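Encoded as structure tokens, the structure appears first; notes follow it.
The values are calculated or read from the model by the stated rules, or taken from the named source; none is laboratory data. Bear in mind the structure is a predicted one, so any value in this text is a computation, not a measurement. Here the Cβ is made from the backbone with ideal geometry for all residues, glycine too, and neighbour counts use every protein chain on show.
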Amino acid sequence: MISETPPIAPTPPDVALPPIPETLPGDDDIPMETQRHKLQMDLLIDSLLPWLEKREDGYVGGNMFAYFSPAQVRNHDFKGPDFFAVLSVPKQERKSWVVWEEGKAPDVVIELLSESTRERDKTDKKQIYQDRLRVPEYFWYDPFNPSDWQGFSLQNGAYVPLDLQNNQYISDRLGLALVSWEGVYKDVSAVWLRWETLEGKLLPTPAEFAQQEAERAQLEAERERQRSQELEALLERYRDRFGELPE
């Protein structure tokens, strides 16, 4: 996960501020806490990307800096969501998310809790997402303790806890549900956080989608083989009764 520097006191108004760097850093080269944290982030991103491709616009990112003000850049007060999704923005590569250039903050942010970030994710970061970035929906999840999972919706400027119903939180912004799913992802068996349609269908990963396509192709080939066999049996009965088909 991306680390944060301690808050720095505001610069007095009579002191000249240094210019904003032309190239903003995208990350601090600190890896995710554990393999499972990295896999959980990949699972959330990889399964949402194909869904997003069907929309006209939007962006999904993770473990990269989000800048909400020039003063934040000058003070090196960077915030790096583990996962975030933004609708109504162009699909293009980005090194970081710069709110004043993009024109909006992320619509959904998810932080993956760990021993070193748990308290900060639940307090300082939550406050920043509420008060500074104004993120409409915020979730946290502990990959090693799935019961430590909470969602919030920004209402009248403050986060209100969402109700967990049928083992899912509804994201009104995305029109999808977040569900806990027990299974194997990239050879790791765990309880994972996954996206699901409101009709209850999991958004597949690329590997799952490829497997589904292969199974559909195999099923169609089997159906075609059965149709061919049925036609051949029908022709054989015709030959037995009437002889060979006319030229």
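Does the range 112-135 include one or more residues that are free of Cβ contacts under 8 Å to residues at least 60 places away in the same chain and closer than 23 Å to G200 by Cα?
no
Looking at the range 177-185, can you tell me whether even one residue there is over 20 Å from H37 (Cβ atoms), at pLDDT below 75 and hydrophobic (A, V, I, L, M, F, W, C)? Spell out the reasoning first.
Going residue by residue through the range 177-185, those that are over 20 Å from H37 (Cβ atoms) are 177.
Restricting the remaining residues to those that are at pLDDT below 75 gives none.
For the range 177-185, residues over 20 Å from H37 (Cβ atoms), at pLDDT below 75 and hydrophobic (A, V, I, L, M, F, W, C): absent.
Restricting to the range 80-93, and then to whatever is assigned to a loop (DSSP other than H, G, I, E, B) and in contact (Cβ under 8 Å) with a residue 60 or more places away in the chain, can you tell me which residue is surrounded by the fewest Cβ atoms within 10 Å (Cβ to Cβ)? Before the answer, list the steps.
Step one: of the range 80-93, the residues assigned to a loop (DSSP other than H, G, I, E, B) are 80-82, 87-93.
When the remaining residues are screened for being in contact (Cβ under 8 Å) with a residue 60 or more places away in the chain, the result is 80, 82, 87.
Details: G80: 23, D82: 28, L87: 17.
Here the residue is L87.
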